[in-house]
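Accompanying notes for the structure given below.
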Amino acid sequence: MSDKIERVMVVTAHPDDSEFGAGGTVARLAKQGCEVSYVIVTNGNKGSSDRTMTPERLARIREEEQRNAARALGVERVEFLGYPDCELEDTRDLRRDITRQIRRWRPDLLITQNPRRTYNLYASHRDHRITAGAVLDSVYPLARDHMAFPELMPAYEPHKVREIYLMQWENPHLVMDISDTMDLKLKALACHASQLGNFPSVEKRVRERSAELGKPKGYAYAEAFDRIVMPR
């Protein structure tokens, strides 16, 4: 079996999570020729302080923003699971839906959020932690074992993911140099206009955090992850 990463899947809770946590890495992988798929678990329909906004309209806006952001990074496709924002539960349906996507697109590398609560409130959002836990359970053993979710067979054959990257800001195992793709990360983030308001201030914070993550390795900008290598 080749050790080359050819197919990548990014599974996150909300539109914009992928860009904040891994946008530069996604752009780098796409530039290297990887086929990248996004799976967005919730519809993001609660993320607005606009009293005239409706959940239905916001969900449509955020889906379009996410498609535009993915296009900016070179992502091949975006799948939306459509779960309600801020109400995510670790259910059989959720694990089955994520497992279906893993078996469908058959990634070598899967990037997701962190299942642990951290000092970073953004990273600790409950939907983020639920998503990450369900993804890890879906990778192993559910996507691997043919008797898990028998209703998915034979259309979705079992698949073994080789590596997992968990978005991480505290003592990460893996620091990825995104100096050459930082501008693409910011271009993709700017697509999420419904969420970001004063974008110059967002850009400043993103650059500062990315510079801080890269400093120990001598990178101008970086993203950081914990890495899990699955047994063959």
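The values are calculated or read from the model by the stated rules, or taken from the named source; none is laboratory data. Please read these numbers as outputs of a predicted model, since none were measured by experiment. Reconstructed Cβ throughout: ideal geometry from the backbone, glycine too, with neighbour counts over all protein chains shown.
Values computed for the structure shown
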item	result
Residue that is surrounded by the fewest Cβ atoms within 10 Å (Cβ to Cβ) [pool: residues in the range 54-87 that are out of contact with any helix residue (DSSP H, G or I) (no Cβ under 7 Å at 6 or more places or on another chain) and of a type in the set (Gly, Ala, Ser)]	Gly82
Residue list for the range 29-71, restricted to those being under 23 Å from Arg106 (Cα atoms) and in contact with a Cys (Cβ under 9 Å, 6 or more places away or on another chain)	Thr42, Gln66, Arg67, Ala69, Ala70, Arg71
Checklist (1) in contact with a Ser or Thr (Cβ under 6 Å, 6 or more places away or on another chain); (2) in contact (Cβ under 8 Å) with a residue 40 or more places away in the chain; (3) surrounded by 16 or more Cβ atoms within 10 Å (Cβ to Cβ) applied to Leu109, failing item	(1)
Flag if Ile164 is surrounded by 14 or more Cβ atoms within 10 Å (Cβ to Cβ) and either more than 17 Å from the chain's Cα centre (by Cα) or not in a helix (DSSP H, G or I) (or both)	yes
Residue that is closer than 22 Å to Glu223 by Cβ, assigned to a helix (DSSP H, G or I) and charged (D, E, K, R), where the choices are Arg129, Arg100, Arg96	Arg129
Test: residue in the range 86-101 that is modelled with pLDDT of 95 or more and under 17 Å from Glu6 (Cα atoms)	yes
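Okay, residues lined up against (1) touching a residue at least 60 places away in the same chain (Cβ under 8 Å); (2) out of contact with any Phe, Trp or Tyr (no Cβ under 8 Å at 6 or more places or on another chain):
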{"site": "Gln32", "(1), (2)": "no, yes"}
{"site": "Ser37", "(1), (2)": "yes, no"}
{"site": "Ser48", "(1), (2)": "yes, yes"}
{"site": "Arg57", "(1), (2)": "no, yes"}
{"site": "Glu89", "(1), (2)": "no, yes"}
{"site": "Ala132", "(1), (2)": "no, yes"}
